[in-house]
Every structure is written in C-alpha cells, then in structure tokens.
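First up is the structure itself, then whatever we jot down about it.
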Amino acid sequence: MTAALPLRQSMAWIHGWLGLLAGWLLFAMFLTGTASYFRPEITQWMQPEIRASTVSPAQAAQGAMTYLQRIGAGDDVQWFLYLPDARSAVTRVFEQRSPTSTAPPRPAELTLDPRSGEPVRARETRGGEHFYRFHFQLQLPYPWGRWLAGLCAMAMLAAIVSGVITHKRIFADFFTLRWNKGQRSWLDAHNVSAVLALPYHAMITYTGLITLVAMYMPWPAMVNYKTPLDYGAVAFGIPTERAATGIAAPLLPIGPMIEKAEAVLGAPATRVVVRHPNDRAATVTVYRHAGVSINARLPSVTYSGSTGQLLERSGGTGPALMTAGVMLGLHVASYAGTGLRWAYCLLGLTGAAMVGTGLLLWTTKRRRPGAAPFPGLTLVERLNIAVIAGLPVGMAAYLLANRVIPADAAGRADGEVAAMFWAWGAVAVMQLARSPRRAWIEGFAIGAIAFAAIPVINAVTTARGLPASLRGDDPVFAGFDLTMLAIATVLAMAAWRVAHLRPAPRYDVLPVEWFMLETIIVTLAGWMLLAASAFRYRRDLGITAPGTIRLLRIAAAAALTLAFLRCGAPVSGERVVRFLGGGSIAAVIMVGTLSVAPMLILRPVVLILGMARALRPSKDEHRTASA
C-alpha cells in the first residue's frame, strides 16, 4: 500500500496541476480584467468623434427624455438612461419595446449627446465593454462562459491556498530574484509576483466568485423566494413592479426629479429607469453614483412619472447583501479614483505575471538536458506561447481594427472582435512552424510592433493623435497612447531578453500529428453539444424532437470518450494534459467560429439531420407498408 504524501508535497502536486489546467484561461482573465479597469476610457478612445462635455446628470437626462418623447414612446415599456460622468462622454439609452409592437424597428441602444440630447455620429464599437465581458464570459454563450470562468476562479483560489502551504520560505524568498539561473529564476519570478500582491490575488479571486454566487448556487434564492423578480427586488433594490393602466398621462420634466433624488441620496445620479412612459402608472427610478461608496449595490429613489410623488426608496439591506455589495465593489473598483485604479491595474498585471511564470516554471522543471521533450511537455510549451504571446497581439489587433475598419461600415463592432480572435489564432498557428525559442521572440516582437503602431495609426486617422492631445489638453487620448507605447516597450524588452538567453537544444520541433486527431474529435463533440443546446432553446429551427437532442448528446459523449482513450495507455497526468490540450485548441477554434459566423456550427448539423429526416419513411408510409 502506497504511503500517503506529506502535506507540503501533496499541496505542491495540487498547486502545480491546478495552475496548469486553469492557467491559460486565468492568464486571459487576468489580462482582460486588468484592461477592464479602464473600460470607459477605452470606449472614449475607440469613439474619437465624441468630445467630452461637462453637464449635470439632470440636464443630460432631460435632453435624452426630450429626444425619446419626440421619436415616439407609444410602444416602449421601459427606458434605461446611463448618464455621463467624469469618465464617460455620452448618454447611453436602451429601449425595451412591447412584444406586440408593430412600429418600424429602431436600434435598441442609442448614444446621445449629453448637452443637446441628439444622437451623436460616432463609429459603432463595443469599446472597453468587450474586454470586460470576455473577462468573465470568455466569448461563450450564456451561461457556459460564466460557469467556465467560475471553475477557473475556484482553481485559482485553491492554487493560492495550496501555494501558501507549499512554500516554506514565502517571505524570505520574496526578497530573492536570481537572473539567468534557469528553473531557479522562474521560481523566483513566480514567488515574487505571487507574494508581492498576495492579498490582492486572494481578494480579487474570492470576490469574483462571490459576485456570481447566486448563479453558481441558486438554491437558497429558489427556496426563499417565489420568483427571481422577488429575489431581485430585495438583493438588487429593484422597485416594486406596477402594471400599466392604459390611461395616457404625460411625463413630468425629469430634471427636477433627478435633482430631488440627488438631494435624498446625497450623491450624483448615474442611472435612470423609466417604466411605462406616458402612462398614469409611469415611474422614474434614479440610482446613486457608485463612486461615493465601496458598496456597488446602488440605492435608488422612485417617483411617480405623472405626479412627481415619492413612491419608495431602496436601502436598509441586511449584512449579507451589504457584504455582497462590498465584495462586488472591491472586485470592479467602481469606487476607485484614478490613482487607485492604476494601483488595481498594476496589481492585476502581477496576477498575469504570476500565472504566466507558473506556466513557464511547469515546463522548465520537466525539461531534461540532452533529452527530447515528451509530447505533453511540447504541448504545454506551445499553448504557453499561444496564450502568453498571442493574446496581447489579439488585444492590439482589436484596437487597431477600430481605426482601420471604415467608421461607417456595417457590423464594424463585430469585425473588431473578430480581428482580435483572428490575430490571436494566427499567432497560435504560425508559432507551430517555429522552434519554441524563435516563436517566443517573434511573438513578443509582433506584439511590440502592434502596440507601437496604435498611436501612429491613431495620429494618421484622427485629429487626436499623441502630439495634438498633448497640446490640446486631451488627457484620455494622451494617456492611452502613452500606455500603448509603454506596453510596446515591455514586449520589446521581453523579445530582446529571450533572444539573448542561451540557445535552446535543436530537438524542439513540434510533432503536431499526435494531437491533431484529438483536436478534431473534441471540436466535433463541442459542435454537437452546442447544437443540442441551440435546438433546446431555438424552436424556430424546427428541430424540437427530444430524441434528436438526446442523440447529439450521446454522440458527443462518445466522441469525448474516444478522444480521451486516444491520449495514451495509462491513466496519468500526461493523458489529462494531452486531452485538455486538444480541448483547448478545439475551444480556440470554436470561439473563433462563434465570433465570426455563429450559424456555421448549426448549419451542417441542420443539413445532416434534414437529409436523415428526408430519407426516413413517414408514419403514413409505415402504415401503408404494414397494410
């Protein structure tokens, strides 16, 4: 009987494998989440046609309401107004129309000038919101992306705890960073980046889990509340739902209501929700700005839209919900000023460095001098290059596409997102033809060139380039361009550093054939699972038979089992790495497909099933044959 491993040794095993299996996604989550701390500023940069103008929330809301009343509100159920502040330059309006509306369709989102209330002419873009959404949804359909991000966060939390237990000299080694020592250097870098911001890493991981805990564990809310709306009314301060009366009544001017609400809340307004506009039961709910409190659950005041009477005020939540609001505020840093946001940003970069150096340390520990690398080591090394060097190139391509794609092009926002995944995938594929050392150098060099090109392209295509923004007191554009140059410098230094390391052995050519079949099988299985989910919820496809969905799921499970059995004879860590490596490459393929052409996954399946149905005899033919 095998003796049990000592505690530290067992924790080291858990720490290494959890960090490896979730590391690539965690690196992407850290990097895009760090960028999300400046998502309003990124959105401003990606819409250079808009100049910031300082107006009060009441004036911006009144201008938006005047415009909405003019374009017609007879078929609108709700209006959501997101008001400008010191970090955002426009008023964003979302309309929720009646399902029975017969009016011509209008855009669901409107971007209005805060001063005049008129629509602004600016290029379509997802701006910084794309990085924010990718950070916790991973460009996957709801809820699969959030679930996957949650599993990675759980692995991260377990890796933090096991890493602290494993490390005997955690604080002594914090002051040690040895260069050019191979594995020892990577271990020092991993330790320093981990210990330097250990409280931040623990806080950001735990609070990230807590923000979506109601989705991961919905049972307490399901047991204690009849409907999700009842839970939302308590947890998120959603006002009491009031049905429309059908009796017309004009809305009072919204500006005075907002001014009264700001006096009651003691802070500027940030969001306004108008329900049943121009109905006697119309309500106007004003939410307080998040920057005045660490609690991100925004209190609100609700007025009658037709009389201006105060109807209700949210607040007075218990300690549990207040704690959840503080956790959310700590995670998204909605309360933070400019200096603290930069501190969050730098700490987030240490998280990316911690995960990246951990992945590199895994490969360094298993490389033996003079021995050819085993397939699992080769795969991990290639995935490290694809993610650590490839993702920054994709993020730079997203920003460059904003300036390169014509401003009036249709679907340009989706084109920007597709550019990120195409560039990322191109780096991931091209590095397969190079030795790892050359792939690292060239990947970092491409990233440095791409980020350095952003200020240049911005200066060529707009009137708000770096020289003009420095002269014209344009801090957002100047700071953005300078940050891009700083990132380019860091990537160039990384490429130079790798180029001056001792040359690697000449046996490091990737044998791609051994995992290609696994990747194809896992990709097909993923397509079948996605098709089954789509058929479950998209009745308009005409494939609603439970047997069809069950057949797709069984075929996907069989394909995944076959891919796993192909990954090696013994059940070992190497088999798991090979299987998950093929799955990771398959995930990149599927995410890219979903981003560029979502129906590309469903059409082949619909075609095959349609052909099968056409060949299958109908019930009437069965009856005739039996007669």
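Can you name the number of the only condition in (1) surrounded by fewer than 19 Cβ atoms within 10 Å (Cβ to Cβ); (2) within 24 Å of Pro268 (Cβ to Cβ); (3) of a type outside the set (Lys, Arg) that Tyr37 fails?
Failed condition: (1).
Is it true that Thr323 is farther than 19 Å from Pro40 by Cβ, in contact with an Asp or Glu (Cβ under 7 Å, 6 or more places away or on another chain) and assigned to a helix (DSSP H, G or I)? Explain how you work it out, then say what you get.
Working: farther than 19 Å from Pro40 by Cβ: yes; in contact with an Asp or Glu (Cβ under 7 Å, 6 or more places away or on another chain): no; assigned to a helix (DSSP H, G or I): yes.
Taking the combined requirement at face value, the residue does not satisfy it.
Does Glu442 satisfy being in a helix (DSSP H, G or I) and either modelled with pLDDT under 90 or over 28 Å from Pro107 (Cβ atoms) (or both)? I'd like the intermediate steps shown before the answer.
Values: in a helix (DSSP H, G or I): yes; either modelled with pLDDT under 90 or over 28 Å from Pro107 (Cβ atoms) (or both): yes.
Criteria met by Glu442.
Tell me yes or no: at least one residue of region 453-464 is open to solvent by 80 Å² or more (accessible area, probe 1.4 Å), modelled with pLDDT of 90 or more, part of a helix (DSSP H, G or I) and out of contact with any Pro (no Cβ under 8 Å at 6 or more places or on another chain).
Yes.
Being in a loop (DSSP other than H, G, I, E, B) and over 26 Å from Glu312 (Cβ atoms), is that true of even one residue in region 218-231?
Step one: list which residues in region 218-231 are in a loop (DSSP other than H, G, I, E, B), which gives 218, 225-227.
Now restrict to residues that are over 26 Å from Glu312 (Cβ atoms): 218.
Yes, region 218-231 has at least one match.
Out of the residues in region 40-60 meeting the condition of being touching a helix residue (DSSP H, G or I) at 6+ places or on another chain (Cβ under 8 Å) and open to solvent by 50 Å² or more (accessible area, probe 1.4 Å), tell me which one is farthest from Val90 (Cα to Cα).
Gln59
Can you tell me which residues in region 127-143 are in contact (Cβ under 8 Å) with a residue 24 or more places away in the chain and either farther than 26 Å from Met46 by Cα or assigned to a loop (DSSP other than H, G, I, E, B) (or both)? Step through it out loud before you land on a result.
Our first condition is that a residue be in contact (Cβ under 8 Å) with a residue 24 or more places away in the chain; within region 127-143, this holds for 127-132, 134-136, 138-141, 143.
Matches in region 127-143: Gly127, Gly128, Leu138, Gln139, Leu140, Pro141, Pro143.
I'd like to check something: does region 229-241 contain any residue that is farther than 23 Å from Ile294 by Cα, of a type in the set (Phe, Trp, Tyr) and modelled with pLDDT under 85?
We begin by selecting, within region 229-241, every residue farther than 23 Å from Ile294 by Cα; these are 229-230, 240-241.
Add one more test, that the residue is of a type in the set (Phe, Trp, Tyr), and what stays is none.
No, the conditions are met nowhere in region 229-241.
Take the residues in region 338-362 that are free of Cβ contacts under 8 Å to residues at least 24 places away in the same chain and over 26 Å from Phe421 (Cα atoms), then tell me which one is surrounded by the most Cβ atoms within 10 Å (Cβ to Cβ). I'd like the intermediate steps shown before the answer.
Let us first name the residues in region 338-362 that are free of Cβ contacts under 8 Å to residues at least 24 places away in the same chain, namely 338-340, 342-343, 346.
Now narrow it down to the ones that are over 26 Å from Phe421 (Cα atoms): 338-340, 342-343.
Working: Thr338: 13, Gly339: 8, Leu340: 12, Trp342: 13, Ala343: 16.
By that ranking, first place goes to Ala343.
Can you confirm whether region 429-436 contains a residue that is over 23 Å from the mean Cα position of the chain (by Cα), more than 27 Å from Pro107 (Cβ to Cβ), surrounded by 18 or more Cβ atoms within 10 Å (Cβ to Cβ) and not aromatic (Phe, Trp, Tyr)?
yes
Hey, among the residues in region 268-284 that are of a type in the set (A, V, I, L, M) and more than 21 Å from Pro114 (Cα to Cα), which one's surrounded by the fewest Cβ atoms within 10 Å (Cβ to Cβ)? Walk me through how you get there before you give the answer.
From region 268-284, those of a type in the set (A, V, I, L, M) are 269, 272-274, 281-282, 284; that's our starting set.
When the remaining residues are screened for being more than 21 Å from Pro114 (Cα to Cα), the result is 281-282.
Working: Ala281: 16, Ala282: 23.
Among those that are of a type in the set (A, V, I, L, M) and more than 21 Å from Pro114 (Cα to Cα), it is Ala281.
Report yes if Arg412 is touching an Asp or Glu at 6+ places or on another chain (Cβ under 6 Å) and in contact (Cβ under 8 Å) with a residue 24 or more places away in the chain, otherwise no.
Details: touching an Asp or Glu at 6+ places or on another chain (Cβ under 6 Å): yes; in contact (Cβ under 8 Å) with a residue 24 or more places away in the chain: yes.
It is true that Arg412 is touching an Asp or Glu at 6+ places or on another chain (Cβ under 6 Å) and in contact (Cβ under 8 Å) with a residue 24 or more places away in the chain.
Which ranges mark the helices (runs of 4 or more DSSP H) fully within region 337-437 that have 2 or more residues being of a type in the set (D, E, K, R), touching a Pro at 6+ places or on another chain (Cβ under 9 Å) and under 30 Å from Ile14 (Cβ atoms)? Don't jump to the end; show me each part of the working.
Numbers: elements: 338-366, 375-384, 390-404, 412-430.
Fully inside region 337-437 and qualifying: 375-384.
Looking at Ala426 and the list (1) touching a helix residue (DSSP H, G or I) at 6+ places or on another chain (Cβ under 7 Å); (2) within 30 Å of Leu140 (Cα to Cα), which single condition is not satisfied?
(1)
Across region 289-334, what is the number of residues that are open to solvent by 30 Å² or more (accessible area, probe 1.4 Å) and at positive phi?
Summing the residues that are open to solvent by 30 Å² or more (accessible area, probe 1.4 Å) and at positive phi in region 289-334 gives 2.
Of all residues being among the polar types (S, T, N, Q) and more than 23 Å from Gly351 (Cβ to Cβ) in region 203-237, which is least open to solvent (accessible area, probe 1.4 Å)? Just the residue, please. Reasoning before the result, please.
Within region 203-237, the subset among the polar types (S, T, N, Q) is 205, 207, 211, 224, 227.
Applying the additional criterion that residues be more than 23 Å from Gly351 (Cβ to Cβ) yields 224, 227.
Working: Asn224: 113, Thr227: 61 Å².
Residue satisfying both the conditions and the ranking: Thr227.
Show the residue pairs meeting these rules: Cβ distance below 7 Å; 6+ apart or different chains; first residue within region 44-73 and aliphatic (A, V, I, L, M); second residue part of a helix (DSSP H, G or I) and open to solvent by 50 Å² or more (accessible area, probe 1.4 Å).
Ala58/Glu259
The values are calculated or read from the model by the stated rules, or taken from the named source; none is laboratory data. All values reported here derive from a predicted model rather than from experimental measurement. No Cβ is skipped: glycine too gets one built from the backbone with ideal geometry, and neighbour counts run over all protein chains shown. Heavy atoms of the whole protein, side chains included, go into the accessibility calculation; ligands, DNA and RNA do not. Shrake-Rupley method; radii C 1.70, N 1.55, O 1.52, S 1.80 Å.
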